[in-house]
1. Just a yes or no: is a residue in segment B:177-184 in a helix (DSSP H, G or I) and within 16 Å of the ligand (Cβ to nearest atom)?
2. Is one or more of the residues making up segment B:377-392 within 27 Å of residue B:204 (Cα to Cα) and without any contact (Cβ under 8 Å) to a residue 40 or more places away in the chain?
3. Which one of these is more than 13 Å from residue B:167 (Cα to Cα), away from chain A (no Cβ under 14 Å) and away from the ligand (no atom under 15 Å from the Cβ): B:147, B:113?
4. Report the residue count in segment B:208-231 for those that are more than 9 Å from the ligand (Cβ to nearest atom) and open to solvent by 40 Å² or more (accessible area, probe 1.4 Å).
5. Does residue B:172 qualify as being within 16 Å of the ligand (Cβ to nearest atom), touching a helix residue (DSSP H, G or I) at 6+ places or on another chain (Cβ under 7 Å) and on the phi < 0 side of the Ramachandran plot?
6. What pairs can you find where one residue is in segment B:200-215 and among the charged types (D, E, K, R), the other is open to solvent by 20 Å² or more (accessible area, probe 1.4 Å), and their Cβ atoms are less than 8 Å apart, with a gap of 6+ or different chains?
7. Tell me which helices (runs of 4 or more DSSP H) are completely within segment B:295-406 and hold 1 or more residues being open to solvent by 10 Å² or more (accessible area, probe 1.4 Å), among the small types (Gly, Ala, Ser) and closer than 29 Å to residue B:123 by Cα, or say none if there are none.
8. Report, by residue number, each residue of segment B:123-137 that is within 21 Å of residue B:200 (Cβ to Cβ) and either open to solvent by less than 60 Å² (accessible area, probe 1.4 Å) or among the hydroxyl-bearing types (Ser, Thr, Tyr) (or both).
Amino acid sequence: MEDLSDLYQEIILAHNKRPRNGEPLIPCTHQAEGFNPLCGDKLTVYLRKSDEEVNEIACNTEGCAISRASGSIMTTMIQGKTVSEIEKQIEETKTLLTGDEEPEIDLAQHGDMAALVGVRKFPARIKCATLAWHALESALRGEVEATTE
Amino acid sequence: MKEDTDIRKDFPILNQEINGKPLIYLDNAATTQKPKVVIDRLSDFLSKENANIHRGVHYLSMNATTLYDEARSCVANFINAENDDEIIFVRGATEAINLVARSFCNEKLEPDDEILITEMEHHANIVPWQLIAGEHGARVVPAPITDEGEMDLDQFESLLNERTKLLAFVHASNALGTINPAKKMVEIAHRKGIPVLIDGAQAVAHQEVNVQDLECDFYVFSSHKIFGPDGLGVLYGRKELLNKMTPYQGGGDMIETVSFDGTTFRPSPERFEAGTPNISGAIGLKAAIDYINDIGWETIHEKESLLMNHANESLGKIPSIKLIGTAENKVPVLSFTIDSAHPHDIATILDTKGIAVRAGHHCAQPLMKRLGLSATTRASLSFYNKVDEINQLTEALKEISALFES
Ligand SMILES: Cc1ncc(COP(=O)(O)O)c(C=O)c1O
């Protein structure tokens, strides 16, 4: 399946099969849902957060491999970070996935997220990759729902 | 009988590469491709014959009026309506259903009345009824289906009661392929004096429809799903019902006389065709129907059942594939799931191989819920598809299964 190596790589498939931090985190301090009405992807981001820092995060996703992998990768990048670090991370991820310019991949910086960059070639699927990040943003702001529409 | 290669050549769009691979178009339930005769007819009309209808005494206008009337007549013959006046051109199947909801049901519905539909309806045959029912304190009631995706006729019959003001059901399901026993269902409803609308959007491309034999009161379909242009649909209605119904929209062409004290309306079809209609669309639809008649139903059935049998057999051999909708009588629609792979991932991977399928809820969320699914992948066939295309789909699905199960 050489022509798919760009998107459906092992990293994505592994996260899809066994998402990290995929179980609901209850109780939590913040929680938001993400919904993509177009394809039915549905996820919930849970945070245990102090004023400054996200101590724990989970993302429970019902949906396609892209949305599951993206949520799973996101949790590994966010755990233990400060709110301002996370906000920066969200912006970087948006640029990485949807920015006008083809990004330069730096594995040290992007980690597993680099595997999701392939989604740029599949415009119909970009929202699957950004959904968890939108929900994270909502959760941080104390909103309860993010949709892609 | 036309050779396969000749049929393929009739559809210019099929001869191209998508993502570097020859296009395999298996999304015919969403819309069908257009034969060259339809494309040429549209182009000819717009290049040489275009004018508004019913308005001018000049040559082009009179000629366009004749062509538009001929298109209506052609559609009437196609579904064996008794009168040309029983054919109303609208924007699509969706608008036709909305028209009946507004113009037929609005005056009939009282609080606690019911409109009976089925669990396998497209949103187009659910939401317009919910809207109008909501305005009158009436209800939309779904008749249940079996796990195989067939009507449970006993339960269906018991749900038709004195509060039921209309039965509306899909002739062939876009999500499951099920062909409903339409004639029987109409007969059961009529025995109780209940009028019936049939949503024929998915049926007309695959089988001969005879509205007089079905004895339905309304029948709707869209041109774009039978090789014609989009933006045009057909409402068939029995004449005596149509001429009692209030107009759907007001405007030019649908009136007898207009004064500021009031307006009187022309009979069907003009009554329901306010404003300049989709003239080129109707003329394109006629070209599409002429094309279908040219190919012939026998050829269409033969080719489609060959493809469908082959597809059922090939996909049936892949252990991870679960076919959704296994009714006895089906149009060539194959909905399926693979446990390890989400439909959207399947469709994306197929697309990279030039294979176009649909993934999602197929505008039938209540049906998906009934079946305990969030989405399926759907391959929907037409007579211009090839056995080899099914083989390539099968190979691709085997690869996808292996990829996600590894
Ligand atoms: C069964 C059924 N009914 C109604 C419709 C609505 O048709 P249109 O969108 O052309 O109005 C569709 C289209 O997908 C359909 O499959």
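The values are calculated or read from the model by the stated rules, or taken from the named source; none is laboratory data. As the structure is a computational prediction, the values presented were derived from the model and not from experiment. In this analysis, Cβ positions are derived from the backbone assuming ideal geometry, glycine residues included, and neighbour counts consider all displayed protein chains. These accessible areas exclude ligands, DNA and RNA; they are computed on the full protein's heavy atoms, side chains included. Shrake-Rupley method; radii C 1.70, N 1.55, O 1.52, S 1.80 Å.
1. In the first step, residues of segment B:177-184 are kept if they are in a helix (DSSP H, G or I); the result is B:182-184.
Restricting the remaining residues to those that are within 16 Å of the ligand (Cβ to nearest atom) gives B:182.
Yes, because at least one residue in segment B:177-184 is in a helix (DSSP H, G or I) and within 16 Å of the ligand (Cβ to nearest atom).
2. Here is the first cut: in segment B:377-392, the ones within 27 Å of residue B:204 (Cα to Cα) are B:377-391.
Those left that are additionally without any contact (Cβ under 8 Å) to a residue 40 or more places away in the chain: B:388.
Looking for residues that are within 27 Å of residue B:204 (Cα to Cα) and without any contact (Cβ under 8 Å) to a residue 40 or more places away in the chain, one finds at least one in segment B:377-392, hence yes.
3. Values: B:113 fails: more than 13 Å from residue B:167 (Cα to Cα).
Result of the check over B:147, B:113: B:147.
4. 5
5. On the way: within 16 Å of the ligand (Cβ to nearest atom): yes; touching a helix residue (DSSP H, G or I) at 6+ places or on another chain (Cβ under 7 Å): no; on the phi < 0 side of the Ramachandran plot: yes.
For residue B:172, the condition - within 16 Å of the ligand (Cβ to nearest atom), touching a helix residue (DSSP H, G or I) at 6+ places or on another chain (Cβ under 7 Å) and on the phi < 0 side of the Ramachandran plot - is not met.
6. B:208/B:297; B:213/B:80; B:213/B:183; B:215/B:183; B:215/B:187; B:215/B:190
7. B:297-316, B:343-352
8. B:123, B:124, B:125, B:126, B:128, B:129, B:132
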